[in-house]
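The values are calculated or read from the model by the stated rules, or taken from the named source; none is laboratory data. These figures come from a predicted structure and were not determined experimentally. Every residue, glycine as well, gets a Cβ built from its backbone with ideal geometry; the counts of neighbours run over all protein chains shown. Note: areas computed on protein heavy atoms with side chains; ligands, DNA, RNA excluded. Shrake-Rupley method; radii C 1.70, N 1.55, O 1.52, S 1.80 Å.
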Amino acid sequence: MYKALYNSWLNSGKLNEKEIKELKSIAENEKEIEYRFGKELEFGTAGMRGIIGLGTNMMNVHVVKKATQGLAEYIKTLGKDAIKSGVVISYDTRRCSYDFAYATALVLVSNGITAHLFREVHPVPMLSFAVREMKAVAGVMITASHNPKEYNGYKVYGSDGAQMSVESTKEVVKFIDQIGDALSDKILCDESKTKLIKVVSKKIDKKYYKTIKKLCLSKQAVKKIGKNIKLVYTPVHGSGYIPVTTILKKLGILATLVPEQTVKDTEFSTVKVPNPEVKETLALGIKLADFKGADVVFGTDPDCDRLGVAVRNDKGEFVALSGNQTGVLLLDYVLKRLSESKNITKKGFVVKSFVSTSLAKLIADDYGVELIETPVGFKFIGEKIKQLDDTGKREFIFGFEESCGYLRGTHCRDKDAVVASMLFAEMICYYNYMGVGIYQRLMEIYDKYGFVFDTNVSTAYSGLNAMKEMNAVVDKMKEIKIDSLGGVKVLATRDYSKAQKTLADGSVEKIESPPTNAVYYELESGGFVCVRPSGTEPKLKVYYSLKEKDMESATNLFEKVKSDFEKYL
C-alpha cells in the first residue's frame, strides 16, 4: 500500500524537480518509504507536527495545503461573516516556515476566505493576540515549537485565540479526510490569487506591547532598579528577539544579547536542540553572563511561547530553573503583589496542567485562590479562561505548565514567553528592591511550604507505530493496582481517559476533565506520579512531584519511587 502511494506521488506530474529527486533518493530504502507513506500525519487538537520531507506522514507543502483546504471547508460552513473575517497566519524561523505559511494563505484566498499574513516572523502569543484583536475566525501558526530542527508543524487557533477546540478540530478533520490524497485536485491553490493575501498591520504589534505593559505589577521597583539589573537574553535563533527586547526596553530594562543567537538560523546551529528547558541550550547565554557579571539568563524557543531561565545560586554558580520552579516563582510573585495591593478577589483563579508541580496548590491555598487543573496542553488553560473569565463568572490570574509555558493576562490564550520575560524581569527588580535574590526567594518558598522535588523521565520511541506503542504502555498501567510507591501510600489512581479516579478502598469518583490518555497516582505525601505519552514528540513521559522536608530527603524518596514505578512499566 505505502509503496503504491510512493509511486503515485513520484509519477503524479505534480512534483517539482527537487521533490522528485528527494523521492528518488529513497527508492531503495523500504523502511524510509514505509515511514513516509505508511500513514498520514495526524491532525489533532494541537494541529500537526512532524519531520520535514515528502510523504503523507511528513511535513511538506502538500500536506499543509490539504490541511488548509479542510480548514477552509470548515470555515465555509460558518457563514459569510466567518469567511470575511478570515484567518491570521504567522510563522517562526524554522525550515520551510514561510513557505508553509504562504501556502496556507494561498489556499485560503483561493477558497474565497480572507487571509492575513504577517510580513515577518512573529511568535505564538502575538498570533493569538492578533486573532482576538482582528476578530478573525481562526489563526494558523507554522511552528514545531521546541522540537529539533528537522521538525515543523501547523497549529490552528479558534476565534478566541486559543488552540482550536476538540469539537471544532473533529469537524476540520472530517473535511480533511474527504479530500483524499494530498495531491488531490480538490485542493484549491491558485497562484493568480496571491494579491488577495493581506498583510497584518504593524498597529497590531503596537497594541500588543501597549496591552501587556499594563500587566506590570512593580512599576516603582522597575523604575528604580531596572537600569541596573544585569540580564542576558537569547532568542535561540527564534522569533522572540524583537518582541522580548522591545517590551524590556519599554520597561526601561536593557538586556545583553547573545549575538550568535540573535540570527535567524533554520539549523539552530549553536545548540543541539532549541529547547530552553535544557540547560545546555542556555550555555552561550550563561558564558556571556559570567563574562558580564550578570545574575540571570533568559532563553526563548523558536516560536517564543516557552521561557527558560538560569540564575546564580547561593554559591554564585548558574543553575537552570526547571519549568516548575519558574512557574512557582512567578505564581508566588503575582499573588504576592496582588495581595499587597489588595487586588486579589474571591473570583480569582489560577490554572496549571495536572502534571505540573504539586507546590502550586500549597501557594494558591495560602493566598486563598482556587487552583484549577487541566490536561497537558495550553489550549485547556485557554478553555478555562473562556469558560470562567470571558463569562464574568471568575477572574483569571495566572496559568502555567511545567514545560516552561506561562500566561498572565487574557490578551492571548496560549503560552506567552514575552509576558513571562517581562514578569520575570520585573520580579528581579522587585526582589532586588527588597534586598532579596531570585534564588534566595525560591529557597524561602521551599522553607515556607516544604521542598517539592519535580522532574520527568522520558523514554524515546521511534518508527511508524511509536504512538500506538506508547499508548499501549499507558493502557497496561490502567489494569495494574498500585498500593504504594517508594513506601508512600497511593491514595487514589486517576484514569484521565475515563475521567475518573479510583480510591484506595475501591470506590470510584468522577473527575471533571477532557479525556486524555494518562494515569495519575495521588500520593499520601501530597505529591504524585503520572505517566502519559507526549503529544508533540515520540516520548513516553513519567512525571514525579514528591514533597519532603528538604532536598536530600526528597531526592532519596525520588530514587525509591522511581525504582518501584519502573518495575511496573
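Return yes when Tyr102 is under 22 Å from Glu133 (Cβ atoms), of a type in the set (Phe, Trp, Tyr) and out of contact with any Asp or Glu (no Cβ under 7 Å at 6 or more places or on another chain) and no when it is not. Reasoning before the result, please.
Numbers: under 22 Å from Glu133 (Cβ atoms): no; of a type in the set (Phe, Trp, Tyr): yes; out of contact with any Asp or Glu (no Cβ under 7 Å at 6 or more places or on another chain): yes.
In short, no.
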Residue selected from segment 152-167 under the condition open to solvent by 30 Å² or more (accessible area, probe 1.4 Å) and of a type in the set (S, T, N, Q), by the criterion farthest from Leu54 (Cα to Cα) = Ser159
Considering every residue within segment 25-48, establish whether at least one is over 21 Å from Ser165 (Cβ atoms), under 23 Å from the mean Cα position of the chain (by Cα), hydrophobic (A, V, I, L, M, F, W, C) and open to solvent by 30 Å² or more (accessible area, probe 1.4 Å).
-> no
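Would you be able to say whether some residue in segment 433-449 is within 17 Å of the chain's Cα centre (by Cα), under 26 Å from Ser553 (Cα atoms) and not in a helix (DSSP H, G or I)?
First, the residues of segment 433-449 that are within 17 Å of the chain's Cα centre (by Cα): none.
No; the residues of segment 433-449 include none that is within 17 Å of the chain's Cα centre (by Cα), under 26 Å from Ser553 (Cα atoms) and not in a helix (DSSP H, G or I).
Inside segment 542-563, can you point out the residues that are touching a strand residue (DSSP E or B) at 6+ places or on another chain (Cβ under 7 Å), open to solvent by 30 Å² or more (accessible area, probe 1.4 Å) and under 26 Å from Tyr461 (Cα atoms)?
Going through segment 542-563, the residues touching a strand residue (DSSP E or B) at 6+ places or on another chain (Cβ under 7 Å) turn out to be 542-551, 554-555, 557-558, 561-562.
Pick out the ones that are also open to solvent by 30 Å² or more (accessible area, probe 1.4 Å) and you get 547-551, 555, 562.
Matches in segment 542-563: Lys562 only.
Do you know which residues across segment 449-470 are without any contact (Cβ under 8 Å) to a residue 24 or more places away in the chain and within 27 Å of Ser545 (Cα to Cα)? Step through it out loud before you land on a result.
Step one: list which residues in segment 449-470 are without any contact (Cβ under 8 Å) to a residue 24 or more places away in the chain, which gives 465, 468-469.
Once the filter is applied, which keeps residues that are without any contact (Cβ under 8 Å) to a residue 24 or more places away in the chain and within 27 Å of Ser545 (Cα to Cα), segment 449-470 yields Lys468, Glu469.
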Would you mind stating whether Lys379 is open to solvent by 10 Å² or more (accessible area, probe 1.4 Å), part of a helix (DSSP H, G or I) and in contact with a Ser or Thr (Cβ under 8 Å, 6 or more places away or on another chain)?
-> yes
Segment 417-475, residues that are touching a Phe, Trp or Tyr at 6+ places or on another chain (Cβ under 6 Å), among the hydrophobic types (A, V, I, L, M, F, W, C) and farther than 29 Å from Ser525 by Cα | Ala420, Met427, Leu464
Could you pull out the residue among Val419, Val474, Val452, Val457 that is outside any strand (DSSP E or B), in contact with a helix residue (DSSP H, G or I) (Cβ under 8 Å, 6 or more places away or on another chain) and not acidic (Asp, Glu)?
-> Val419
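What are the residues in segment 217-259 that are of a type in the set (A, V, I, L, M), open to solvent by 80 Å² or more (accessible area, probe 1.4 Å) and assigned to a loop (DSSP other than H, G, I, E, B), if any? Spell out the reasoning first.
Keep residues of segment 217-259 that are of a type in the set (A, V, I, L, M), which gives 217, 221-222, 225, 229, 231-232, 236, 242, 244, 247-248, 251, 253-255, 257-258.
Checking which are open to solvent by 80 Å² or more (accessible area, probe 1.4 Å) leaves us with 242, 254.
Within segment 217-259, just Leu254 meets the criteria.
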Mind checking which residues of segment 345-374 are in contact with a strand residue (DSSP E or B) (Cβ under 9 Å, 6 or more places away or on another chain), touching a residue at least 60 places away in the same chain (Cβ under 8 Å) and among the charged types (D, E, K, R)?
-> Glu373
Residues being within 21 Å of Val473 (Cβ to Cβ), among the acidic types (Asp, Glu) and open to solvent by 50 Å² or more (accessible area, probe 1.4 Å): count how many of those fall in segment 489-529.
-> 0
Could you identify the single residue in Lys170, Lys149, Lys135 that is open to solvent by 60 Å² or more (accessible area, probe 1.4 Å) and in a helix (DSSP H, G or I)?
-> Lys170
